[in-house]
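Peer 1: There's a structure below that I have some questions on.
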Amino acid sequence: MAKLTFHGHATFSIETEDGTRIVIDPWFDENPVSDVTSEEVGEVDYIFCTHGHTDHFEDAIPLAKRTGATLVASAEIAGFAETQGVENVHPMHIGGAFQFPFGRAKMTPALHGGQVHGDETGTFTTVPGGFLLNVDGVGVYHAGDTALLGDMRFLEGQVDFALLPIGDNFTMGPDDAVRATELIHPRVVVPMHFNTWEPIAQDPEAFRKMMGDRARVEVMEPGDTIPLG
Ligand code: NI
Ligand code: MN
């Protein structure tokens, strides 16, 4: 069975049954709540980046260079990474899916900012997204940084585990994350993108109460691992 590990903020890793190691939104070294450094995370096969903001992308290029992992991101972010010396990139874009050796990945819409950290020229500004992964038969949706979107309803039936921001201020807050759950109908919701800094302080237990019986809320601490089953 595949496993999901939370590293704090919006950074997760997945290890599939066949041992493929995936990191989503790598932010370790400057992440005030990370459980590991970008060295300690070890070997990585795929890096998925939902968007180019520092807190989702800062360690992507160095991690891809160190491990030889394939960086999967919007075409603009992948193009920027190539200019920075990343050898293995897989450009995608919103609405597109691809069958990787470990499973299927689809890039989903997100409503947020598009700046790419490290691109001093602004050439590679792009639209942000999220990812719907299907690993070992389980649907995992990392929403990225986003507002509540009515289009989330189109994910219904495909998501077992939804990783949803609840921090408010920069993204959806707890109330809109509950509304997102009503559209998506996942089995499990993992709250993310909260309690990293003061403006996104939230009480995950209050979120769990607010969710009621709509879905099981798994509150993960940095370093926690859960089975994706
Ligand atoms: Ni962002
Ligand atoms: Mn963010």
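The values are calculated or read from the model by the stated rules, or taken from the named source; none is laboratory data. All of these numbers come straight from a predicted model, not from anything done at the bench. Methodologically, a virtual Cβ is constructed for each residue, glycine included, from the backbone with ideal geometry; neighbour enumeration extends over all protein chains shown.
Peer 1: Report whether or not residue 112 is touching an Asp or Glu at 6+ places or on another chain (Cβ under 8 Å) and either part of a strand (DSSP E or B) or within 16 Å of ligand 1 (Cβ to nearest atom) (or both).
Peer 2: Answer is yes for this residue.
Peer 1: Right, something else. So how many residues does segment 150-175 have that are assigned to a loop (DSSP other than H, G, I, E, B) and either within 16 Å of ligand 2 (Cβ to nearest atom) or under 13 Å from the mean Cα position of the chain (by Cα) (or both)?
Peer 2: Qualifying residue count, segment 150-175: 8.
Peer 1: OK, next. Residue check: is residue 214 in a loop (DSSP other than H, G, I, E, B) and farther than 23 Å from residue 31 by Cα?
Peer 2: Here the answer is yes, as residue 214 does meet what is asked.
Peer 1: Just a yes or no: is a residue in segment 50-62 surrounded by fewer than 21 Cβ atoms within 10 Å (Cβ to Cβ) and within 16 Å of residue 144 (Cβ to Cβ)?
Peer 2: yes
Peer 1: Residue 114 fails exactly one of the following numbered conditions: (1) at pLDDT below 95; (2) surrounded by 18 or more Cβ atoms within 10 Å (Cβ to Cβ); (3) not β-branched (Val, Ile, Thr). What is the number of that condition?
Peer 2: (2)
Peer 1: In addition: It is to be established whether one or more residues within segment 117-129 are within 14 Å of the chain's Cα centre (by Cα), within 29 Å of residue 76 (Cβ to Cβ) and not basic (Lys, Arg).
Peer 2: Checked segment 117-129: at least one residue is within 14 Å of the chain's Cα centre (by Cα), within 29 Å of residue 76 (Cβ to Cβ) and not basic (Lys, Arg).
Peer 1: If you don't mind, another one. Would a scan of segment 129-147 turn up a residue that is outside any strand (DSSP E or B), more than 16 Å from residue 16 (Cα to Cα) and without any contact (Cβ under 8 Å) to a residue 12 or more places away in the chain?
Peer 2: no
Peer 1: What residue, among those in segment 148-158 that are surrounded by fewer than 20 Cβ atoms within 10 Å (Cβ to Cβ) and touching a residue at least 40 places away in the same chain (Cβ under 8 Å), is nearest to ligand 1 (Cβ to nearest atom)?
Peer 2: Checking each candidate, the answer is 149.
Peer 1: Check 30, 17 and return the single one that is surrounded by fewer than 19 Cβ atoms within 10 Å (Cβ to Cβ), within 16 Å of ligand 1 (Cβ to nearest atom) and modelled with pLDDT of 95 or more.
Peer 2: Of the residues listed, the single one that is surrounded by fewer than 19 Cβ atoms within 10 Å (Cβ to Cβ), within 16 Å of ligand 1 (Cβ to nearest atom) and modelled with pLDDT of 95 or more is 30.
Peer 1: Now, a different point. Go through (1) more than 25 Å from residue 112 (Cβ to Cβ); (2) within 16 Å of ligand 2 (Cβ to nearest atom) one by one and return the number of the condition residue 36 breaks.
Peer 2: (2)
Peer 1: Shifting gears a bit: Is at least one residue of segment 220-227 at pLDDT 95 or above, within 16 Å of ligand 2 (Cβ to nearest atom) and not aromatic (Phe, Trp, Tyr)?
Peer 2: Yes, there is a match, as at least one residue in segment 220-227 is at pLDDT 95 or above, within 16 Å of ligand 2 (Cβ to nearest atom) and not aromatic (Phe, Trp, Tyr).
Peer 1: Tell me yes or no: at least one residue of segment 112-121 is closer than 29 Å to residue 1 by Cα, out of contact with any helix residue (DSSP H, G or I) (no Cβ under 9 Å at 6 or more places or on another chain) and of a type in the set (D, E, K, R).
Peer 2: no
Peer 1: Now for a separate question. Of the residues that make up segment 91-104, is at least one buried (at least 20 other Cβ atoms within 10 Å of the Cβ), within 16 Å of ligand 2 (Cβ to nearest atom) and modelled with pLDDT of 95 or more?
Peer 2: no
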